[in-house]
Amino acid sequence: MKRKLTTKFIEGQRPDPLKRLDFRDELMPGLVLRICTSGTKTFCLHKRINGKMRRLTIGRFPVVLLADARERVRQVLYQIETGRFEDRTGVEVEAKPTLGDVIPDYIDKHAKVHNRDWKNKARLIAKFTTLHGKRVDEIKRADVVKACDVIYKSAPVSANRALAHLKHVMNWCVERGIIDASPIAGMKPLTKERSRERVLTDDELGALWTACDAEGYPFGDCMKLLILSGQRRAEVAELRWSELDLDRRLWVLPSQRAKNGRQHTVPITDAMLDVLRRVPRFLGSDYVFTTTGKSPISGFGRLKDRLDKALPEGTEPWIIHDLRRTMSTNMAMLGVPQPVTEALLNHKTGVVSGVAAIYNVYSYADEKREALALWNRHVEKVTRSAVLSEIPRLGLVRSTTTTSA
């Protein structure tokens, strides 16, 4: 932040325990007072030297007084202007980290702490490969625009999301005193996003179900549970046996795995139970859908390609997340009240807090089970008459250590 520095102001400033503070002097261009979390107050000069932004340490307050710091900055600026400045003049030069240096720090210290979908955030930020070698303080808006244009050519929506996440990185750098201001503050999205409205038809849903039959375990069974339950892809793909109570017919999704951070209870219908009982169980593994026993399945992009080949020619493009909308739309047609559907989908709009939250857990338990059973009967109906083209079966070698569920 910029202000006129005074001795009284400097003496009265207290450190922020969470981040460093930088105050730029209005009277002497380039002079910055840095206050560390430890309480140390240091005068610095921020100046571009030989095309690179540098931070030059002048000295600590109160050993170096404000007037002395201004005079020292004036001398250094004169030396730079006249070409006489040399690093060996005793002024320390602090190099700035590159974006590639900053990103792992940001992911570990911020994204993993605050974002449950930090892996997706890391994947999108990684798309800015052309900027990873640049020092953070040297990244210009034009550099980011150029990088976004490259991403936009193949994935317009991803370009928007990647830009949004990069803004978070830059703001984090500002908070930590790595840069003074974000070069992309206020930068608008590259394209206007429209809410998706895609709903699979009954014929498409039937074709997809039969394709899942051909796909088998683990991906085919995972997709079946996605269709039947209406839950999010990651929530189903990373499903644990420890979350399931097959006797009580309940799946309790813990808060740390739920997108909205709230524990979510999903009733297990007859159709869902049938899928789960056919799933092989890896000894010593808690994952329901796995090929190694050590980690949940991944690689849904390749699965999606195979499933697309099984759907009728000319089928409108779809994504896996559209299955949730397909369920909610059909539930409305089947007469399920919207609050019950919202509760089943674990949408924020269907979540309340306090006493009301406790009340709704019990008041919607039966309604959720009845609604999901109604939807599952509809799925069963449309799959009976499904006509499919062939889908190449994924060759999987099952572990000899598996047992029946």
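I'm spelling it out carefully: the read-out is semi-axes √(5λ) of the Cα gyration tensor in Å, the candidates are [x] 33, 27, 19; [y] 38, 26, 17; [z] 56, 24, 20, and one was derived from this structure. Which label? Computed from the coordinates, semi-axes √(5λ) of the Cα gyration tensor in Å corresponds to [z]. Charge tally around Asn260: other residues with Cβ under 10 Å, Lys/Arg +1 each, Asp/Glu -1 each, net +4. When each of the peptides 364-370, 135-141 is scored by how many other beta carbons lie within 10 Å of its residues on average, the order from highest to lowest is 135-141, 364-370. Normalised by the number of residues in the chain, the mean separation of alpha-carbon contacts (under 8 Å, six or more apart) gives a relative contact order of 13 percent. The order of the peptides 283-294, 226-237, 307-318 by mean Cβ neighbours within 10 Å, most packed first, is 226-237, 283-294, 307-318. Each of Val157, Val279 has some number of other Cβ atoms within 10 Å of its Cβ, and from fewest to most they run Val157, Val279. When Asp203, Asp305 are sorted by how many other C-beta atoms sit within 10 angstrom of their C-beta, beginning with the fewest, the order is Asp305, Asp203.
Helices in the chain, meaning DSSP H runs of at least 4 residues, each add -39500 (n - 2.57). Divided by all residues, the mean residue ellipticity at 222 nm is -13000 deg cm²/dmol.
Exposure proxy shown here: for Met331, Met223, the number of other Cβ atoms within 10 Å sets the order, fewest to most, as Met331, Met223. Listed peptides 165-171, 176-182, 37-43 appear in the order 165-171, 176-182, 37-43 once ranked by packing, highest mean of other Cβ atoms within 10 Å at the front.
Quick note: the coordinates plus some simple rules give every number you see, no bench work behind them. What you see is a predicted model, and the numbers here were worked out from it, not measured in a lab. Don't worry about glycine lacking a Cβ; one is built from the backbone with ideal geometry, like all the others, and counts go over all protein chains shown.
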